[in-house]
Amino acid sequence: MAKSMSVIELDDVVKRYQSGEETIEALKYVDFSAERGEMVTVIGPSGSGKSTMLNMIGLLDNPTEGSIRLDGRDVTDFTEDELTEERRTGIGFVFQDFHLLPMLTATENVELPSMWDTSVDRHDRAVELLRRVGLGDRLEHTPGQLSGGQQQRVAIARSLINEPDILLADEPTGNLDQDTGETILTELTRLKEDENVAIVSVTHDEQMLDYTDSTVRIVDGVIQEVSRE
Amino acid sequence: MAWRNLGRNKLRTALAALGIIIGVVAICSLGMATVALQQQASSQLGDIGNDVTVSSGQDSDTDGVTQDQIDEIQNLVTDDQVVPQKTNSTTLEARNGEEARMSVTGVTEASALYNLTTGEAPDRLQSGALISNDTANTLGLEMGDPVEYDGQFYRVQGFIESEQSFGPRGGGELVIPVSGLSNQEYYDTVTIVASDGDAATEIGERLDNQFNTEETEELSIQASSGAQNVGGFLDTLSTALLGIGGISLVVAGVAILNVMLMSTVERRGEIGVLRAVGIRRIEVLRMILTEAALMGALGGLVGVILSLGTGMLAFQMLTGNAMGALDWSSSKYLVYGFGFAVLASVLSGVYPAWKAANDRPVEALRG
């Protein structure tokens, strides 16, 4: 596909950390891109730099070198407040351990990213998203009353509330059993088409490769292999 | 949202609120108790405390204060009431055979000097008499009964509160119109009723400058300074008590700081998620400050209610009037206490809130 279609692009990205006396190079000149309606899986051993890469894509961290383009716009040197704004409008997150707020109901958790924004009422969309992930009968349950798979589906609904361009998933099946994991992956596959969203996930889980459109293998901060199904 | 966050760890919230409550109760009830103490002290000492008593000085040619001198005093003291009195003594005999020796005071402006238990002291006493409660009891006198002085009969119009015997006007006392003592040319004493102890001292100095020199004392002027000393002592006492209350509030503030810090550290990951999904820093800041303010308001409210109870108890015990606690002079401490609770809570929320809001989400999410 043409490069201009990419919703997120990493270009020669380097990330170095200072750890005591040592400088750790977590990412070494990484190129990466993802398109709408595509699921890309980043796979690699722990410490390979895949989480750092996800943080770059999710605009949670600035690169040391190289540039990041979101929807064609250069966001490399954005301030923390500008990045917050981009995350708010363009990026959804799904975490390994769900990270739902325990005192809020499922619906409120889904509404959370827009809760402080009084200009929009996302309640209807929140209910609609929960129905679509099969939790129409659990709207008023708190996370403590939901199973792991149900909580992750709430998290997925939450990540989609602001109609993002990109959905980032950090080990989305990591805390779930095989069957539940598969349900979640089926869900994600369906949503990427319905919502026309790029899904980038990071995982150890080989079963994810059955659902992915393209796989990026990273070792020691260097991309080893890109394969497309 | 903030409310529910507080609800999550009820024990921690309750403990922090308890700290605030203790602080508020300490500062409010100490403040109110001081006011009660002041009221009680001034109601007992008040009348002598605010008076300037003028009598004939040792170098005076006349055996008393002359009408000219009174006019002069009145010109000097325009704001306060000047009450000239003539005094004598007499023995009253009752129908039941009881006798009582007492002082007789001839005064017109009776209401300025006397509090009555029964009846009402007239602003201008023209006829009739007032008599000490105790003496009236001894003699079996009732309202409307006649008493005799110097061949004249006066009807009893009221009974003087016997508690006032604490002052120099005390003892058994009969109060009649000044015309009843017209055989005395001069006034024995002139009382000036000042608004407070400080004013009394100031008036005393002014009169002293006017009438007396270093060598000669035309008028003897006594501004009672006892009440002033008592007032000064009460001020010191109330400062000390409020100081103790202040320390309690500082301790409470530190407790809130600790709780807020703990709760933000505990929720670091969660706040990281909020930041990751695009909640702005200012919004995180506001959320945590709201939590702190809510906690302060909650603790403050309970504290105020408890303090009101304590304050009313203090007033009941010291002044016998529990409702005195609702008067602004004492209830203002409730407002201060509440304000301080909210302020201290918000202030101790600032650092944890700032810390949480500025944590980089990627760091917070990692652990």
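Values quoted throughout were computed directly from the atomic coordinates according to the rules given, and no laboratory measurement underlies them. Nothing here was measured: the structure is a model prediction, and the numbers come from that model. Here Cβ is always computed from backbone atoms with ideal geometry, including for glycine, and neighbour counts include all displayed protein chains.
When only the Cβ of Lys, Arg, Asp and Glu is charged (+1, +1, -1, -1), the dipole of region B:50-224 relative to its Cα centre reaches about 840 debye.
Note on residue B:266 and residue A:65: their simple-model spin labels are 4.6 nm apart, each label 7 Å out from Cα toward Cβ.
Antiparallel beta bridges, as assigned by DSSP with both residues in chain A, represent about 55 percent of the total such bridges.
Using the Cα gyration tensor of region A:72-229, with a ≥ b ≥ c the square roots of its eigenvalues, what is the shape: rounded (a/c below 1.5), prolate (a/b larger than b/c) or oblate (neither)? Because a/c hits 1.5 or more and a/b fails to exceed b/c, region A:72-229 counts as oblate. Take each residue in A:75-82, count the other chain C-beta atoms within 10 Å of its C-beta, and the mean is 1. With N as its number of residues, the protein assembly as shown has a Cα radius of gyration that, divided by 2.2 N^0.38 Å, comes to 1.71. For chain A, set up a GNM with springs between Cα atoms under 10 Å and report which of A:143, A:172, A:102 has the largest fluctuation. Answer for the Gaussian network model of chain A: A:102. For the segment A:103-116, counting C-beta atoms of other chains within 10 Å of every residue's C-beta and taking the mean gives 3.
Across chain B, the mean sequence separation of Cα contacts (distance under 8 Å, 6 or more residues apart), normalised by length, yields a relative contact order of 29 percent. A straight Cα-to-Cα reach below 18 Å connects residue A:28 with the lysines A:15, A:50, residues fewer than 8 places away in its own chain not being considered.
Can you give me the convex hull volume of the Cα atoms of region A:148-229, divided per residue and expressed in Å³?
It is 98 Å³ per residue.
Size descriptor for chain B, Kirkwood hydrodynamic radius: 25.3 Å (Cα pairs only, one decimal).
Extension gain, residue A:225 to residue A:22: 0.36 nm times the residue separation minus the Cα-Cα distance gives 70.3 nm. A P(r) calculated from all alpha carbon pairs of region B:50-224, with 5 Å bins opening at zero, reads 2, 8, 17, 20, 18, 14, 10, 6, 3, 1, 0 percent.
Based on C-alpha pairs under 8 angstrom that are at least 6 apart in sequence, region A:24-112 has a relative contact order of 17 percent. Farthest towards the positive end of the charge dipole of region B:240-367, among the residues B:243, B:312, B:345, is the Cα of B:345, using unit charges on the Cβ of Lys, Arg, Asp and Glu. Our estimate of slack between residue A:120 and residue A:14, defined as 0.36 nm per intervening residue step minus the Cα-Cα distance, is 34.4 nm. In µm²/s, what is D for region A:33-115 at 4 °C and 1.567 mPa s, where D = kT/(6 pi eta Rh) by Stokes-Einstein and Rh is the Kirkwood radius from Cα pairs? For these conditions, the coefficient is 87 µm²/s.
Neighbour counts of C-beta atoms inside 10 Å place A:227, B:330 in the sequence A:227, B:330, starting with the fewest. Charge dipole (Cα centre; +1 on Lys/Arg Cβ, -1 on Asp/Glu Cβ; no other charges) of chain B amounts to roughly 4980 debye. Computed over chain B with a Gaussian network model linking Cα atoms closer than 10 Å, the most mobile of B:68, B:198, B:145 is B:68.
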